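Okay, structure first, notes after.
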Amino acid sequence: MKKVMSALLCAVFLFGLPHGASADDHGTDPMQEAVTEQPVERQALQTQALQQLSKDTDFVVYAPQLPHTDWKLEIPVPYPHLPGNKIITFTRFSYFDMSGDIYLMGVEQHKAHGYKTTRSITSIDIKNKTTKTKQVEYEFKFDLSGEPVTWNDIEGRFKSWASSQQNGGFLTWIQGDTYIEMSSVVFTREQMIEVAKSMKPVQQ
């Protein structure tokens with residue numbers, strides 16, 4: 001229960017109260033007023049890490065550009081990132097709140113066209129009591145299932161979590177020639193779309 005309350009408070013802190021809600025009798029939101037600019041040092045280090053990463057990818061890397069946020073960025077894939085070592089075909093970003101304790105969202109990116117990946121397929125022979133696993137390569141195709149959502153001339157797809165008690169879900173779209181997949185259990189559908197609207201190419 002404490003984790004759920006912390007997550008909800010974090011979402012309010014980052015995005016403000018939902019439309020129509022009031023913070024107090026004076027119509028101000030003290031939590032929104034408490035939001036400050038991202039510390040210069042952290043912002044510079046995170047920008048530098050993204051710029052270095054984008055030099056090694058075979059696709060354009062995008063990152064959210066929302067003002068007044070203090071998110072902690074971690075890049076679990078690729079890890080470790082060895083600049084200039086090899087071409088990166090897939091990456092994942094993890095965003096946390098300023099304390100680093102609350103996971104806000106994950107963002108995966110790769111080429112929208114010509115991207116190939118592998119999938120493990122296991123065959124079970126019940127008669128002989130054997131199993132066989134093989135790796136099958138396939139070309140990525142954008143999944144058109146889910147709720148269509150549009151912004152900035154982009155049409156994405158949104159899928160909510162199976163549990164109605166959880167916020168967010170999956171938001172996928174193609175921006176330029178980059179496939180982007182965002183997931184969150186903290187942000188609402190509307191908040192995820194706001195983040196998507198702010199996504200800009202990382203300048204090298």
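The values are calculated or read from the model by the stated rules, or taken from the named source; none is laboratory data. Just so it is clear, the structure is predicted and the values come from calculations on it, not from any experiment. Please note: Cβ atoms are built from the backbone with ideal geometry, for glycine as well, and neighbour counts cover all protein chains shown. Note: accessible area is taken over every heavy atom of the protein model, side chains too, but ligands, DNA and RNA are not part of it. Shrake-Rupley method; radii C 1.70, N 1.55, O 1.52, S 1.80 Å.
Observations on the model:
- Net length available on complete extension from Glu139 to Lys55 is 27.9 nm, with 0.36 nm assigned per residue and the Cα-Cα distance removed.
- Ignoring lysines fewer than eight residues from Lys141 along the same chain, the ones with Cα atoms less than 16 angstrom from its Cα are Lys111, Lys116.
- Heavy atoms of His68: accessible area, 1.4 Å probe, square angstrom to 10: 90 Å²
- Projected area averaged over orientations for the range 93-195, convex hull of C-alpha atoms, nm²: 9.7 nm²
- Residue among Thr122, Ala112, Gln191 farthest towards the positive dipole end of the range 108-191, charges placed on Cβ: Thr122
- Per residue, the range 129-170 exposes an accessible area of 80 Å² to a 1.4 Å probe, with every protein chain left in place.
- The range 96-204 - charge dipole about Cα centre, Lys and Arg +1 at Cβ, Asp and Glu -1, debye rounded to 20: 660 debye
- Expressed as a whole percent, the accessible surface of the range 91-204 that belongs to carbon and sulfur atoms is 48, based on a 1.4 Å probe.
- In the range 42-105, a dipole from Cβ-located charges (positive for Lys and Arg, negative for Asp and Glu) runs towards its positive end, and of Gly84, Tyr62, Ser99 it is Gly84 whose Cα lies farthest in that direction.
- With a Förster radius of 41 Å applied to the beta-carbon distance between Ser123 and Thr188, the computed FRET efficiency rounds to 0.50.
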